[in-house]
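*Asks:* Got a structure for you, written out below as structure tokens; questions coming shortly.
The values are calculated or read from the model by the stated rules, or taken from the named source; none is laboratory data. Only a predicted model underlies this, so the values are computations on that prediction, with no experimental measurement involved. FYI the Cβ positions are ideal-geometry reconstructions off the backbone, even for glycines, and counts take in every protein chain you see. All accessible areas refer to the heavy atoms of the entire protein, side chains included, with ligands and DNA or RNA removed. Shrake-Rupley method; radii C 1.70, N 1.55, O 1.52, S 1.80 Å.
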Amino acid sequence: MFYFDRNFGFFLGPLTDNKYHKHYALQISVSTQSNLALSDKKGKNLFGKALLLPSKVEHALTCNTNQLTILINPLSSVGHYLKLKFDSTDPVVFNNYISDELFSTLDKFERNEWSFEMVCQSVSQILTTCRASLEDEKYIEDKRILKALDFMDIHFNDVLSLVRVAGYCNVSPTRFLHLFKEKTNLSFRRYQLWNKLVKSLPYLTKNSITDTAHAFGFSDSSHYTRTFSETFGVTPKFFLPKR
């Protein structure tokens, strides 16, 4: 089961055959019934009921029971705050109020107290509350970049150019690109790709990968599939209707 919104998505269910992969999304995974088992290319093994994975960490994650994996756009305001607060280059066990709320959400679903739609609403609310809480704690390195991320969140449905965002922050496009890369460790182009991919998902569930690639400005299905996997850690086939 999966759900995607503007700046996050999640998968709910067991993970029994997960190969090594990496993605640009920030990842939080929780399980109520059994430990998550994670290994990375550095030879590190990690076990726990809740794990946080930074962007671009090559890993394999397994769980024989239901687990909830949330993929967060690291270039959203909440993703940036999480990166600043829980700064790490390696996966870590994640125990705090965020994981507690996610545990509760998954537990209610497994007890059949909540529908999948209620899980979607809960995860969205948890991330909204998380953003407000972290903002109050003032995890801000450069207010210009935070201003840009907020602006990008608000105008998600627009096609935002570099010139427009840089102008909103009162810096030149060249200076903005430098600041953006320095503070987020990702490129502005990566934000634009996340935006395009998320907007393509409803179309993808009703059309072929090739048609979706062309409809959303990718050169071909290979380009779309490669960008999709780099961003979310799964291929577009994951979202195609099961026949």
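*Asks:* Kindly provide the set of residues from the range 42-55 that are part of a loop (DSSP other than H, G, I, E, B) and farther than 19 Å from Asp87 by Cβ, ordered by number. Break it down into steps so the answer makes sense when it comes.
*Replies:* To start, the set of residues in the range 42-55 that are part of a loop (DSSP other than H, G, I, E, B) comprises 42-44, 49, 54-55.
Answer for the range 42-55, where residues must be part of a loop (DSSP other than H, G, I, E, B) and farther than 19 Å from Asp87 by Cβ: Gly43, Lys49.
*Asks:* Report yes if some residue within the range 68-81 is in contact with a Pro (Cβ under 9 Å, 6 or more places away or on another chain) and either over 19 Å from Ser124 (Cβ atoms) or free of Cβ contacts under 8 Å to residues at least 40 places away in the same chain (or both); otherwise report no. Steps first, please.
*Replies:* First, the residues of the range 68-81 that are in contact with a Pro (Cβ under 9 Å, 6 or more places away or on another chain): 74, 80.
Applying the additional criterion that residues be either over 19 Å from Ser124 (Cβ atoms) or free of Cβ contacts under 8 Å to residues at least 40 places away in the same chain (or both) yields none.
Checked against the condition, which is being in contact with a Pro (Cβ under 9 Å, 6 or more places away or on another chain) and either over 19 Å from Ser124 (Cβ atoms) or free of Cβ contacts under 8 Å to residues at least 40 places away in the same chain (or both), the range 68-81 yields no hits at all.
*Asks:* Additional query: Select from the range 88-99 the residues that are surrounded by fewer than 18 Cβ atoms within 10 Å (Cβ to Cβ) and either assigned to a helix (DSSP H, G or I) or within 15 Å of the chain's Cα centre (by Cα) (or both) and list them in ascending order.
*Replies:* First, pick out the residues of the range 88-99 that are surrounded by fewer than 18 Cβ atoms within 10 Å (Cβ to Cβ): 88-90, 92-93, 95-97.
If the condition is that a residue be surrounded by fewer than 18 Cβ atoms within 10 Å (Cβ to Cβ) and either assigned to a helix (DSSP H, G or I) or within 15 Å of the chain's Cα centre (by Cα) (or both), then Tyr97 is the only one that fits.
*Asks:* Only one of Leu102, Leu68, Leu51, Leu36 is buried (at least 21 other Cβ atoms within 10 Å of the Cβ) and more than 18 Å from the chain's Cα centre (by Cα). Can you tell me which? Let's see the steps before the verdict.
*Replies:* On the way: Leu102 fails: more than 18 Å from the chain's Cα centre (by Cα); Leu68 fails: more than 18 Å from the chain's Cα centre (by Cα); Leu51 fails: more than 18 Å from the chain's Cα centre (by Cα).
Checking each option against the conditions leaves just Leu36.
*Asks:* Look through Lys85, Lys108, Lys42 and report the one residue that is open to solvent by 40 Å² or more (accessible area, probe 1.4 Å), touching a residue at least 24 places away in the same chain (Cβ under 8 Å) and out of contact with any helix residue (DSSP H, G or I) (no Cβ under 7 Å at 6 or more places or on another chain).
*Replies:* Numbers: Lys85 fails: out of contact with any helix residue (DSSP H, G or I) (no Cβ under 7 Å at 6 or more places or on another chain); Lys108 fails: touching a residue at least 24 places away in the same chain (Cβ under 8 Å).
Unique residue meeting the criteria: Lys42.
*Asks:* One residue is enough: does the range 21-41 have a residue meeting the conditions out of contact with any Gly (no Cβ under 8 Å at 6 or more places or on another chain), within 22 Å of Val123 (Cβ to Cβ), among the hydroxyl-bearing types (Ser, Thr, Tyr) and not in a loop (DSSP other than H, G, I, E, B)?
*Replies:* Yes, that holds for at least one residue.
*Asks:* While we're looking at this one, here's another question. For residues that are of a type outside the set (A, V, I, L, M, F, W, C) and not in a loop (DSSP other than H, G, I, E, B), scanning just the range 229-243, find the one that is most open to solvent (accessible area, probe 1.4 Å).
*Replies:* Initial filter on the range 229-243 (of a type outside the set (A, V, I, L, M, F, W, C)): 229-231, 233, 235-237, 241-243.
Next cut, not in a loop (DSSP other than H, G, I, E, B) only: 229-231, 236-237.
On the way: Ser229: 32, Glu230: 70, Thr231: 0, Pro236: 1, Lys237: 142 Å².
Per the criteria, the residue is Lys237.
*Asks:* Among (1) within 17 Å of Val30 (Cβ to Cβ); (2) at pLDDT 85 or above; (3) in a helix (DSSP H, G or I), there is one condition Leu82 misses while meeting the rest; what is its number?
*Replies:* Every condition holds for Leu82 apart from (2).
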